[in-house]
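*Asks:* Please see the structure below; I have some questions.
The values are calculated or read from the model by the stated rules, or taken from the named source; none is laboratory data. Owing to the predicted nature of the structure, the values given are computational and were not obtained by experimental measurement. Glycine also receives a Cβ, built like all others from the backbone with ideal geometry; neighbour counts cover every protein chain displayed.
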């Protein structure tokens, strides 16, 4: 349990965070998933497509993992966005447990764990877009030098590198 002395300035309406978890709080953008750099950008003659993954962590250590694909073309744009509940637990020494969960009954409209299409190559969001039952993905994370590195806790050991935005 964390004890923090709140100075009299707090009576003036100033707020303070405590317990040392503030470094993890914020918006993080994926810069790499396994060997693939992010965001992924595909430019064709008539369209420009960007795929990105964002992790948002609130003060209460809950938040969302958001996968987003934007395709711009003459006359408009298409946005595909999937948001999954996220909960993080501090383990100490800059290590965290992250659980990402999609709600029961969630249906992305896709038949596979893939999201988007780039010149015939599917972009794999590593199981975050699976329709149907509730899916939980557990990740072990390490925060070091303003970079958050998370590895899935399964046989695939997918690795995500995030930088704070």
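*Asks:* For residue 85, are the conditions met, namely being out of contact with any helix residue (DSSP H, G or I) (no Cβ under 7 Å at 6 or more places or on another chain), without any contact (Cβ under 8 Å) to a residue 40 or more places away in the chain and outside any strand (DSSP E or B)?
*Replies:* no
*Asks:* Follow-up question, since we're still on this one. From the list 113, 127, exactly one residue is surrounded by fewer than 20 Cβ atoms within 10 Å (Cβ to Cβ), over 20 Å from residue 27 (Cβ atoms), at pLDDT below 90 and within 15 Å of the chain's Cα centre (by Cα). Which is it?
*Replies:* Among 113, 127, only 127 is surrounded by fewer than 20 Cβ atoms within 10 Å (Cβ to Cβ), over 20 Å from residue 27 (Cβ atoms), at pLDDT below 90 and within 15 Å of the chain's Cα centre (by Cα).
*Asks:* Further question on the same structure: Just checking, how many residues over the range 154-165 are assigned to a loop (DSSP other than H, G, I, E, B) and surrounded by 15 or more Cβ atoms within 10 Å (Cβ to Cβ)?
*Replies:* 1
*Asks:* Determine, yes or no, whether residue 24 is touching a residue at least 40 places away in the same chain (Cβ under 8 Å), surrounded by 17 or more Cβ atoms within 10 Å (Cβ to Cβ) and assigned to a loop (DSSP other than H, G, I, E, B).
*Replies:* yes
*Asks:* Tell me which of these residue 72 doesn't satisfy, since it passes every other one: (1) within 12 Å of the chain's Cα centre (by Cα); (2) modelled with pLDDT of 90 or more.
*Replies:* Tallying (1) within 12 Å of the chain's Cα centre (by Cα); (2) modelled with pLDDT of 90 or more, residue 72 fails exactly one: (1).
*Asks:* Here's another thing I want to ask about it. Working carefully through the options 69, 32, 52, find the one that is assigned to a strand (DSSP E or B) and free of Cβ contacts under 8 Å to residues at least 24 places away in the same chain.
*Replies:* 52
Okay, residues lined up against (1) modelled with pLDDT of 95 or more; (2) closer than 30 Å to residue 81 by Cβ:
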| site | (1), (2) |
| --- | --- |
| 7 | no, no |
| 13 | no, no |
| 18 | no, no |
| 27 | yes, yes |
| 30 | yes, yes |
| 46 | no, yes |
| 51 | no, yes |
| 54 | yes, yes |
| 57 | yes, yes |
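*Asks:* Considering only the range 84-109, state which residues are modelled with pLDDT under 85 and buried (at least 16 other Cβ atoms within 10 Å of the Cβ).
*Replies:* Within the range 84-109, 102, 106, 108 qualify.
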